[in-house]
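What follows is a single structure, written as C-alpha cells, with notes after it.
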Amino acid sequence: MPVERIERESPDASRLAQLQELFPEVFTDGGVDMDHLRAALEGTAADFGADDEHYGLAWPGHQTARRLGALAGSATLRPLAGEGVDEASTQNLLLVGDNLEILRLLQKSYARRVKLIYIDPPYNTGEDFVYKDKFAVDLELYLLDTRQADLHGRLTSNPKSSGRFHSNWLNFMYPRVSLARHLLRDDGFLVVSIDDAEVANLRLLLNAIMGEENFIATLVWDRNRKNDAKFFSVGHEYMLVYAKSKEKLGELDTQLRAPKEGVEEVKELFERLKAQHLSDWAKVATGLKSFLDGLAADDPRKPLARYTKVDDRGPYRDDGNINWPGGGGPTYDVIHPTTKRSCKKPRSGWRYPRPERFWEEVAAGRVVFGPDETTVPRVRSNLFESAVQVLPSVAYSYAQTAAQRFDDLFGGKRVFDNPKPFDDLARLVDYLTGPDDIVLDFFAGSGSTGHGVWLANERFATYRRFILVQLDVEVNEEVESGKNAAALGLKTIDAITKERLRRVSKQLKKENPKGDFGFRVLREDRSNVQRWVPYDGEDALTLTALFRAQNGLMAGWTTDGLLVEVMLLEGYPLDSARSPAPEFLDNVVTRVEHLSIPSRLLVCLDDQIAGATVDALAAFEHDLFVCREHALTDRTKVRIADVLNRVKTL
C-alpha cells in the first residue's frame, strides 16, 4: 500500500461518507449532485422544494454560520507543562483558545464521547464579541438585506438596528452548538444558560440543531430581586435542556433522579429526638418542624419540610395523589377496612392497574385510608424510604451568595463578575451524568463547571472528568474585578480559570485526599502538520521559513506536543494511554491506546527510521504507524508499506 500523508478533515467528512454509502448514485466527480439527491430523498426532484415557505428561524448570515461549522480546523493544541495540577495522572483538561476552532479540533477524537455539555454563553447585550468569527453583519448591509434602506439611503426614519445584534448573536452561536452536538453521546444532554433577551431565539435555534423532538425542559433559576426595575423585577435566568436523542433515552429506560439533600441529616436528628422523647411522636414532630422551618427559602433541604407527620418509620406525608395520570384509569371497588363499604373512587381511576397491585401497596404501608369510605385513599411517602427525587424545573439560587462564595476563594477579593453557582452546577452534573462520564463547557469563564464536576464526584469511587474551553481575553481593568485580578497577576480570563482550579483543588484535597483533582492545560496554536497558510497576519513564506528553521517543530514546541497533535488528527482522545513501545530498540516509538479504539497508534518522531524498526512493525499489522516524512527513504517507504497495512507521515 502507498504511504499516506496526514491530512486534516472537515467535521462533515464522516457524514459525507455515510451519505455516499446510502446514496452512491448522487455522487459525481464534482461532489454531490443536489438534484439527484433531492430526487433520491423525495422520489421526484420536481416535488422537492416547490414551496420554499417553511416554519423555522431565519436571519441574515445563517448560511455563512452553517458553513463555519463545516470548515476543517487550521490549528492544534499545544500542552503547557507546569500550568496545571497533577498533570501526569489527571484526565481533566483546560483548553485555552477560540472555542470554535477548538470544537473543530475535538471532532475526530471526541465524537459521541461527551455525556453532558453545559454552556453559559455571552448574553446578547448589543456589544461586539471578542471571538474571531467572520460573521459580523455590517449595519448598512443589514439594513439593505432587511429592506430598511436602499442604495441611496435609509428608507425608515428609525431603523431597528437591534435586529443586527440578534443576527450577530445567532451567527455566533450556530456553528458552535452545531459542532458541539457531534461530540454528544446518543444518551447525552445539552444544557444552555440564557436570559430573557435571547431565550426565544435560542429555543428556535436549538430546535433546528438538536431537533424539537429532543427538547426536555426549560429550567428557571430565581437569582435575585431588582428593586430599581421600572416595571417588573426580572431576577431569573433559564437553562434550556435538550437530549441528543430522546428516543435513545427511551430505549435505555432512562429516569433521572437526584438524592434528596439533607435526608441523612434529618435521619440523625430523628434518632436523637426519638431517644429523647421515646414514642411521643408529637414532640418528635415538633423538634423536626423547628429545624426545617428555620431553613432559608433557597436552602435545598427546604422541601423536606413537606414531611409534616411522624411515626416509628420516621417523617412522612400522606397526601399523595392516587389518581391514574391523564384519566381513564381502572375503577374497581376498594373496600374500606373499617366500615367494610366501597371507598369513593378517584376521579380519573386508580393509579394501580389491578386490585392485587393496590393491596400490595396497602400491605407495604404506602396507602392510607380516610376515617370512612366517603374519602378517597391517599398515597403515603416515607422520607427515609424515598431518598431520591425528580428535580423541579424552578429553583432558587441567589447570585449574591454565589459571588460571595467565589470571592472567598481569592481572599474576599472580587476578581470575576457574575460567576455561576458551583453548587447548582454540581447538582446538575450529578443529575445528568454518572461515573467516568465527560462534561464539556466551552464557555468556561471562571471554571465553575470544573468546580461543580469535582464536587459531584464525591459520591463515586470512579470519577467524571471535565473539558473546559476558555478564550485568553484580557480582563477589563476599568472595573473593580479587573483591577483586583490584575493585582494578583491574573491578566486574562483563562488565568483566572487556572488559578481558581488550583485553589479549589488544594481545598478539596484537604477534605478528600482521594479523587482526581488535577487538570492539564493545552493552548490553541499553529499546526506543525498541515501545509502552512497565513495566520494572524503573517505570510506563508515567513511561516514556511520558521517551520524549516525549527527542524519540523514550531518555536516553543516539544515532541510531546507534536504527539498530541497526531493523536487529535488520528482520532485518539487526549486521555489515551501513552507508553514507550519496548519492541523497538533502534528508534523511540510511543504506543497510544484507548479502550474505545480497537487499533493502536504507533508514533516515531525520530529523524531517521532504522531498518530494524521496519522489521519490528510486522507484529503490528493492524495498527497505525506515523512518522516524519523526511525520516523515510524511498526504499524504506516500500519496505514499511509491505509489512504494515496503515502508514502515515508528517
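The values are calculated or read from the model by the stated rules, or taken from the named source; none is laboratory data. Values in this document were obtained by computation on a predicted structure and should not be read as measured data. We place every Cβ from the backbone using ideal geometry, glycine too, and count neighbours over all the protein chains shown. Heavy atoms of the whole protein, side chains included, go into the accessibility calculation; ligands, DNA and RNA do not. Shrake-Rupley method; radii C 1.70, N 1.55, O 1.52, S 1.80 Å.
Brief remarks follow.
- Accessible area ranking (1.4 Å probe, heavy atoms, ligands and nucleic acids excluded), largest first, for ARG104, ARG347, ARG341: ARG347, ARG341, ARG104.
- Distances between placed amide hydrogens fall under 5 Å for ARG600 paired with LEU624, all partners being 5 or more residues away or on another chain.
- Long-range HN-HN contacts of GLN389 with modeled amide H, under 5 Å: ALA258, LYS260
- Rounded to the nearest 10 square angstrom, HIS630 shows an accessible area of 110 square angstrom against a 1.4 Å probe.
- Region 425-478 versus region 276-343: alpha-carbon centroid distance in Å: 37
- Accessible surface comparison of LYS267, LYS510, probe 1.4 Å, protein chains only, largest first: the order is LYS510, LYS267.
- For region 239-289: rounded, prolate or oblate by the Cα gyration tensor [a/c cutoff 1.5]: prolate
- LYS514 contributes about 150 Å² of solvent-accessible surface, heavy atoms of the protein only, 1.4 Å probe.
- For VAL234, the solvent-accessible surface computed with a 1.4 Å probe is close to 60 Å², ligands and nucleic acids excluded.
- Pairs from the list LYS283/LYS309; LYS413/LYS483; LYS420/LYS514; LYS413/LYS506 with a Cα-Cα gap above 21 Å: LYS420/LYS514.
- Annotation: lysines with alpha-carbon distance below 19 angstrom to LYS244 (same-chain offsets under eight excluded): LYS108, LYS115.
- Over region 371-412, accessible surface divided per residue gives 53 Å², non-protein components excluded, 1.4 Å probe.
- Which of GLU480, GLU570 is most accessible, then next, and so on - probe 1.4 Å: GLU480, GLU570
- Under 5 Å from the amide H of THR492 lie the amide H atoms of VAL475, each residue being 5 or more positions distant or on a separate chain, with H modelled from the backbone and absent for Pro and chain starts.
- Accessible surface of region 375-440, 1.4 Å probe, proportion on carbon and sulfur as whole %: 50
- Of VAL310, GLY327, LEU288, farthest towards positive along the dipole that unit charges on Lys, Arg, Asp, Glu beta carbons give region 274-346: GLY327
- Accessible area of region 222-360 divided out per residue, in Å², using a probe of 1.4 angstrom: 63
- Ordering 357-369, 65-77 by mean Cβ neighbour count within 10 Å, with the highest value first, yields 65-77, 357-369.
- The residues of region 589-650 expose on average 47 square angstrom of accessible surface per residue, using a 1.4 Å probe on protein heavy atoms.
- Region 298-405: Cα Rg divided by the 2.2 N^0.38 Å rule of thumb: 1.37
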